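Quick notes on the structure that follows.
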């Protein structure tokens, strides 16, 4: 089949729901690649916005000429699913304090685009210096220097925050385990080329639904789409014939255009795998999200 035929036969005529969120976009630098990777992956490892925590992802890796202090670095995004700047500031500080500040020779800079507001970093991060921290003008920016045992952590005094789109998603329904991993990783790699997006869950095995029998845990499994329940729940199952796995790719982006581009290249990549039977998306019949993104309209 050519591309048009694959698109027609494999792409479901449906939409995903996405949500408005607030996010910061920051640059983290360090002395070596290993430290940068550890800071990046540790600080973005727990996608927790559905339980009221911050989630994040790697947008891009940066060369020396792309960072304020002339060292290698990484562009990270951190997201919060509620329009509550005070709680966002607190939750973000946990990620910075526990996963970045503690790494040797790291610095953190604002990289926001058209921010709608600013978050001060003195109260929740700068005060890690126990009152001995100070401010300096460095690299053309106002920085807080936090004295620590491996001197010293530097963070910009204010981080811009933006409103963006989070929770956009693609479901790719697979025949084989191999397709789950190979197609998903290929799609994630393709989406890395799109500026302004992150994929906080990597390949996600656990599509959820808002209603649950156990509200204290938050969203629970979307049981009609669990292949292992197909024979147990009978007609309630929505797992298509021949589908044994339904992984999900979740996308957050600084604007809807970035989301649309990422979803488009993700679909283009996924449908090229023979054992990907259908590409679909998760929605709740339009009742939950701020946005509807129709999959087939991305190709018009």
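The values are calculated or read from the model by the stated rules, or taken from the named source; none is laboratory data. Everything quoted here is computed from the prediction, not taken from an experiment. In this analysis, Cβ positions are derived from the backbone assuming ideal geometry, glycine residues included, and neighbour counts consider all displayed protein chains.
Restricting attention to the range 238-249, does a residue exist that is under 28 Å from residue 24 (Cα atoms), assigned to a loop (DSSP other than H, G, I, E, B) and in contact with a strand residue (DSSP E or B) (Cβ under 7 Å, 6 or more places away or on another chain)?
yes
Restricting to the range 128-142, and then to whatever is buried (at least 17 other Cβ atoms within 10 Å of the Cβ) and free of Cβ contacts under 8 Å to residues at least 24 places away in the same chain, can you tell me which residue is farthest from the chain's Cα centre (by Cα)?
Selected residue: 133.
Give 159, 170, 188, 181 a once-over and let me know the one that is within 22 Å of the chain's Cα centre (by Cα), in a helix (DSSP H, G or I) and in contact (Cβ under 8 Å) with a residue 60 or more places away in the chain.
Of the residues listed, the single one that is within 22 Å of the chain's Cα centre (by Cα), in a helix (DSSP H, G or I) and in contact (Cβ under 8 Å) with a residue 60 or more places away in the chain is 188.
Show the residue pairs that are 6+ apart or on different chains and have beta-carbon atoms under 6 Å apart, the first residue being within the range 80-101 and assigned by TED's automatic domain parsing to the domain that holds residue 121, the second being part of a helix (DSSP H, G or I) and modelled with pLDDT under 95.
Within 6 Å, the pairs are 81/49.
List the pairs whose first member sits in the range 36-58 and is in the same structural domain as residue 196 (by TED's automatic domain parsing), whose second member is modelled with pLDDT under 90 and in a helix (DSSP H, G or I), and whose Cβ atoms are under 7 Å apart, counting only residues at least 6 apart or on separate chains?
none
Of the conditions (1) farther than 20 Å from residue 46 by Cα; (2) outside any helix (DSSP H, G or I); (3) touching a strand residue (DSSP E or B) at 6+ places or on another chain (Cβ under 7 Å), residue 273 fails just one. Which one is it?
Looking at each condition in turn, residue 273 falls short on (3).
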